[in-house]
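Participant: Structure provided below as structure tokens; questions to follow.
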Amino acid sequence: MFMISPARLSRALRFVNRLGAVWIAVILLYLVSGLISPGMFQINETLNILQIAAFLGIVAIGQTLALLVGGIDLSVAGVVTMSNIVVTSLMLGQSETLVPSLLISILLAAAVGFINGSLITLARVTPLVATLGTNSILFGASLVYTGGAPHGSISPAFAVCGQGHIFGLPVSTVCWLAIGLVMAWITRQTTFGRKLYAVGANPAAARLMGIPVNRILISAYVLSSVMACLGGLLLTSYIGLPSLGIGDQFLLTSVAAVVVGGTALSGGWGSIVGTIGGAIFITELNSFTNIVRVSTGSRFVLQGAVIALSVLMYHLVGSKRTSS
Amino acid sequence: MRTKKNAYGVTRRQAIRLGAGTLGFAAFFRVFPVHGADAISNAKTTAAGETVSGGKHKKKGPFRVGFSNGFSGNTWRTEMLYSLKKEASQHKDLPDLIIVDGQGDISKQVNDIENLVSQNVDAILCIANSSSAVAPALRDATKQGIVTIPFNLPVDGEAWTAFIGTDPEKKGFTLGKWLREALRDSGKIVALGGLPGNSYTASAWAGAQKAFQGSNIQVLAFRDAYWQEDRAKVVMADLIAAYPQIDGVWCDGSQDAAGAMKALLAAKRPLVPVTGDDYNGLLKLYQEQNGNYPNFKIGLLSEPTWEGVVALRTALKLLNGEDVPKRQIIEPRLITSENYKDYVRPGLPDGVFVDTELSDDELKTLFKS
């Protein structure tokens with residue numbers, strides 16, 4: 001009979017710890033929810049969760065950068081809505097307009113990030129207030145731009161990103177993981193990444209070390225907005241239509257995914273890989289509460305309780321961790 | 001909460017003119033087109049409650065009317081506002097329509113109403129963010145002799161002058177009954193509603209459940225889908241994975257219905273009977289897909305985007321000394337596979353709500369399409 005030796009178990013735990021405690025939560029939730037609702041174990045549902053998690057996942061990657069530098073980006077909701085409105089109204093169902101409309105959306109998002117970063121660094125506005133303000137402006141601007149009556153649609157070629165499959169995997173998941181790997185590499189292996197952590201951990205010390213703090217902060221917010229835009233574009237591809245309320249769901253879930261993934265709200269500590277787990281966890285939890293037979297009120301209580309519990313567990317398991 | 005909409009037919013106008021009291025109602029059904037200028041005059045409306053005497057409210061024009069909109073931002077509200085402004089511009093005795101937006105905030109809306117009172121308006125129209133919170137503000141305005149007309153969503157009590165809207169519970173019941181019949185009394189269904197905790201969905205779903213009583217309809221799940229296609233598609237994708245058999249979908253709004261059908265398509269499952277409202281996206285989807293899925297059927301009840309027009313006309317009637325019913329309950333017509341062609345607008349965006357008096361050209365301008 002196969003026995004797990006204590007040494008092997010401890011090695012396995014160390015491995016999981018290095019990845020991030022959130023992955024234990026992801027697996028535990030998967031097992032528990034599957035035992036309660038066998039539907040969760042179906043391969044289709046697993047792929048479905050991975051497909052849906054991609055939208056939140058990419059937005060949360062951007063949010064991770066904002067949290068890493070000690071800030072927060074609450075404008076991601078507005079950026080998702082703006083990207084959805086802009087790309088559908090420019091694409092108008094045509095293939096010829098695909099590339100320019102995607103580029104314009106991304107450039108607009110980068111501009112929003114630049115404004116956020118400038119407000120925070122140059123005008124010294126608190127990140128929470130600055131980005132919440134930008135969020136409100138973006139929603140208002142989307143309303144003015146559309147007159148409350150959005151029109152347009154995506155081109156069929158673009159639908160592949162959000163709805164298609166490649167080698168049995170949803171294309172959106174593949175895009176997400178590719179973006180996640182690139183961002184993980186940038187944050188862990190480049191000097192720019194190291195500077196992000198340094199600025200988040202202690203901006204004054206970072207400045208003394210000669211790190212251009214303002215430039216790093218602005219870059220983090222630009223990247224956060226661009227990620228929110230990419231997440232918004234994938235979600236647009238999934239549904240194909242403009243919708244003025246489409247970004248609202250990301251305002252706080254993006255922060256929840258990052259925090260569940262082990263990134264500290266205080267900055268300077270966390271990882272992209274953890275956030276990927278966090279996004280899977282939040283989506284898994286939503287799917288589970290969609291499937292399980294509970295009332296609407298109980299769903300919200302259950303979601304809140306499980307998130308709180310997982311963060312608690314993270315602290316217990318993750319406290320022994322030496323590196324994130 | 002987004003407002004719902006529907007369509008009816010009346011001889012409400014005649015009934016009112018005759019001073020028909022408590023229950024004047026008559027109906028004539030127009031054939032088509034259901035949209036365009038005839039949408040209002042062909043709608044069926046039931047008058048309920050006592051008659052509100054116009055004599056008490058009669059004033060000399062010109063009038064100032066305020067409209068407190070709970071929020072704006074969805075296409076239903078956009079069409080409603082456009083229709084209301086258009087109607088206002090056609091009344092010579094109404095040089096001023098003041099529109100204020102509560103931005104989804106309950107206390108801001110109360111403040112908005114108080115501001116309208118202090119601007120000495122003669123009438124206040126209102127779509128309430130909360131049925132209880134705005135009631136005292138409207139009561140105070142009414143006490144000061146202002147004509148107050150909540151419409152679309154209910155306001156608690158009766159301390160307002162008159163109400164125009166639909167009956168969500170009755171609509172939910174009718175949709176439930178249609179679904180029950182479409183499934184021949186037996187089958188497994190899922191239900192999708194609007195924003196969590198909104199009173200419209202709660203009433204409509206209560207009505208639907210009554211309609212299912214005594215049948216073999218089994219409700220697998222009821223979930224909030226926020227009246228957004230993307231949210232509904234995500235929720236439905238989960239439900240599809242959990243339940244191998246889903247024979248029908250009950251929705252109180254067609255964005256939910258369209259999202260649910262798109263999830264079935266993505267999962268390569270056949271489309272099934274579904275309920276909803278007059279959202280063009282579902283009508284277009286039905287037109288496109290009904291040939292591929294013989295079991296795909298629709299049962300829809302609209303919530304008219306012209307409710308604001310009726311509210312404004314009612315206010316002006318009272319100010320001109322005419323009697324009106326306390327409640328005008330609009331009775332929407334059922335849109336089904338048989339008559340959907342009268343309603344679908346293939347050349348217009350999905351977001352259009354088709355029970356409107358606006359012409360295609362006006363809608364094209366509005367939606368910049």
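Where a number appears in this text, it was derived from the coordinates with a stated rule and is not lab data. Only a predicted model underlies this, so the values are computations on that prediction, with no experimental measurement involved. Methodologically, a virtual Cβ is constructed for each residue, glycine included, from the backbone with ideal geometry; neighbour enumeration extends over all protein chains shown.
Participant: Only sites in a loop by DSSP and with at most 15 other Cβ atoms within 10 Å count here; which trypsin sites (Lys or Arg not before Pro) in region B:162-208 make the cut?
Facilitator: Numbers: sites: B:LYS170, B:LYS171, B:LYS177, B:ARG180, B:ARG184, B:LYS188; in loops: B:ARG184.
Sites meeting the loop and neighbour criteria: B:ARG184.
Participant: Which value, to two decimals, describes the C-alpha radius of gyration of region A:165-324 once divided by 2.2 N^0.38 Å? The partial results should precede the final answer.
Facilitator: Values: Rg = 17.7 Å, N = 160, 2.2 N^0.38 = 15.1 Å.
Here the answer is 1.17, to two decimals.
Participant: Can I ask one more? Provide the descending list of Cα extents for region B:168-301 along its principal axes, expressed in whole angstroms.
Facilitator: Principal extents (Cα only, largest first): 32, 29, 28 Å.
Participant: Sort out for me the Cα centre separation of region A:226-290 from region A:152-167, rounded to whole Å.
Facilitator: The two parts, judged by their Cα centres, are 20 Å apart.
Participant: When you count, for each residue, the other Cβ atoms within 10 Å and take the mean per peptide, how do B:201-208, A:224-231, A:101-108, A:27-34 rank with the highest first?
Facilitator: On the way: B:201-208: 23.0, A:224-231: 29.9, A:101-108: 18.1, A:27-34: 15.9.
With the highest mean Cβ count within 10 Å placed first, the list reads A:224-231, B:201-208, A:101-108, A:27-34.
Participant: Over region B:55-164, what portion of Cα pair distances is larger than 19 Å, expressed as a whole percent?
Facilitator: Distances greater than 19 Å cover 40 percent of the Cα pairs.
Participant: If you don't mind, another one. Starting from the Kirkwood Rh over alpha-carbon pairs, what translational D in µm² s⁻¹ does region B:219-264 have by Stokes-Einstein at 25 °C and 0.890 mPa s?
Facilitator: Working: Rh = 10.2 Å.
Rounded to a whole number, D works out at 240 µm²/s.
Participant: Let me ask something else about it. Using Cα centres only, tell me the gap between region A:17-57 and region A:82-130 in whole Å.
Facilitator: Going from one Cα centre to the other spans 31 Å.
Participant: Moving to a separate point now. What ranking do B:ASP105, A:ASP73, B:ASP350 get, fewest neighbouring Cβ atoms within 10 angstrom at the top?
Facilitator: The order, fewest Cβ neighbours first, is B:ASP105, B:ASP350, A:ASP73.
Participant: For chain A, what is the calculated [θ] at 222 nm in deg cm²/dmol (nearest 500), taking -39500 (n - 2.57) for each run of four or more DSSP H residues and dividing by its residue count? Can you show the working numbers first?
Facilitator: On the way: 14 runs with 240 residues, N = 324.
Result for chain A: -25000 deg cm²/dmol, rounded to the nearest 500.
Participant: Summarise the partner chain shielding of B:233-246 as one whole number: the mean count of Cβ atoms from other chains within 10 Å of each residue's Cβ.
Facilitator: Values: counts 5, 12, 5, 1, 9, 14, 4, 5, 15, 12, 2, 2, 0, 0.
Neighbouring Cβ atoms belonging to other protein chains average 6 per residue here.
Participant: Tell me which DSSP H helices of chain A clear both cut-offs, 27 Å or more of axial length from alpha-carbon atoms and a mean Kyte-Doolittle hydropathy of at least -0.5.
Facilitator: Working: long enough: A:43-68 (34 Å, 1.53); A:98-121 (34 Å, 2.02); A:127-146 (28 Å, 1.18); A:213-239 (39 Å, 1.54); A:272-291 (28 Å, 1.17); A:296-318 (32 Å, 1.25).
Sorted by number, the helices that extend far enough and score high enough are A:43-68, A:98-121, A:127-146, A:213-239, A:272-291, A:296-318.
Participant: Could you state the angle between the C-alpha long axis of helix B:307-319 and the longest principal axis of the C-alpha atoms of chain B, as a value from 0 to 90 degrees rounded to the nearest 10?
Facilitator: It is inclined by approximately 20 degrees.
Participant: Over chain A, what is the relative contact order in percent, taking alpha-carbon pairs closer than 8 angstrom and at least six residues apart?
Facilitator: Normalised by residue count, the contact order of chain A is 35 percent.
Participant: Mind computing the radius of gyration and Dmax over the alpha-carbon atoms of region B:247-302? Å is fine for both.
Facilitator: 9.8, 29
Participant: Would you mind giving the mean number of other chain beta-carbons within 10 Å of the Cβ of each residue in B:73-86, as a whole number?
Facilitator: Numbers: counts 8, 6, 9, 1, 2, 7, 2, 1, 3, 3, 0, 0, 0, 0.
Counting other chains' Cβ atoms within 10 Å and averaging over B:73-86 gives 3.
Participant: Quick one: which residues, 5+ away or cross-chain, put their amide H under 5 Å from the amide H of B:PHE163? H built at 1.01 Å from N.
Facilitator: B:ARG327, B:GLN328
Participant: Could you pull out the pairs from B:LYS59/B:LYS171; B:LYS177/B:LYS368; B:LYS210/B:LYS297 whose alpha carbons sit more than 32 Å apart here?
Facilitator: Numbers: B:LYS59/B:LYS171 37 Å; B:LYS177/B:LYS368 38 Å; B:LYS210/B:LYS297 21 Å.
Check vs 32 Å cut-off fails for B:LYS59/B:LYS171; B:LYS177/B:LYS368.
Participant: For a footprinting-style exposure proxy, rank B:ILE246, B:ILE330, A:ILE43 by other Cβ within 10 Å, fewest first. Could the numbers behind the result be given before it?
Facilitator: Values: B:ILE246 21, B:ILE330 29, A:ILE43 9.
Placing the least packed residue first, the sequence is A:ILE43, B:ILE246, B:ILE330.
Participant: I would also like to ask the following. Compute the relative contact order of chain B as a whole-number percentage, counting only Cα pairs closer than 8 Å that sit 6 or more residues apart in sequence. The partial results should precede the final answer.
Facilitator: Numbers: 890 pairs, mean separation 91.5, N = 369.
Relative contact order here is 25 percent.
Participant: Sticking with this one: If I histogram all Cα-Cα distances within region A:43-318 using bins 5 Å wide from 0, what percent of pairs lands in each bin?
Facilitator: 1, 6, 13, 17, 18, 17, 14, 9, 4, 1, 0, 0
Participant: Sticking with this one: Note the angle between two axes, namely the Cα long axis of helix B:280-289 and the longest principal axis of the Cα atoms of chain B, as a number of degrees from 0 to 90, rounded to the nearest 10.
Facilitator: Once rounded, the angle reads 30 degrees.
Participant: Which translational diffusion coefficient, to the nearest whole µm²/s, is obtained for region B:262-369 from the Stokes-Einstein equation, given a Kirkwood hydrodynamic radius over C-alpha pairs, 20 °C and 1.002 mPa s?
Facilitator: 135 µm²/s
Participant: Report, in degrees rounded to the nearest 10, the 0 to 90 angle that the Cα long axis of helix B:75-89 makes with the longest principal axis of chain B.
Facilitator: Long axis of B:75-89 versus the principal axis of chain B: about 30 degrees.
Participant: Same structure, new question: Arrange the following residues from fewest to most other Cβ atoms within 10 Å of their Cβ: B:SER302, B:SER254, B:SER130. Intermediate results must be reported in sequence, preceding the final value.
Facilitator: Values: B:SER302 30, B:SER254 33, B:SER130 19.
The fewest-first ordering by Cβ neighbours comes to B:SER130, B:SER302, B:SER254.
Participant: Something else: Could you tell me what fraction of 2.2 N^0.38 Å the Cα radius of gyration of chain B comes to, as a two-decimal ratio? Provide the component values of the computation, followed by the final result.
Facilitator: Numbers: Rg = 20.4 Å, N = 369, 2.2 N^0.38 = 20.8 Å.
Here the answer is 0.98, to two decimals.
Participant: Here's something else I'd like to know. Before anything else, pin down the relative contact order of region B:55-164: Cα pairs under 8 Å, at least 6 apart, normalised by residue count, whole percent.
Facilitator: Values: 194 pairs, mean separation 30.1, N = 110.
Answer for region B:55-164 is 27 percent.
Participant: Now a separate question. I'd like the per residue volume of the convex hull spanned by the Cα atoms of the protein assembly as shown, given in cubic angstrom.
Facilitator: On the way: hull volume 116.7 nm³, N = 693.
Per residue, the Cα convex hull of the protein assembly as shown comes to 168 Å³.
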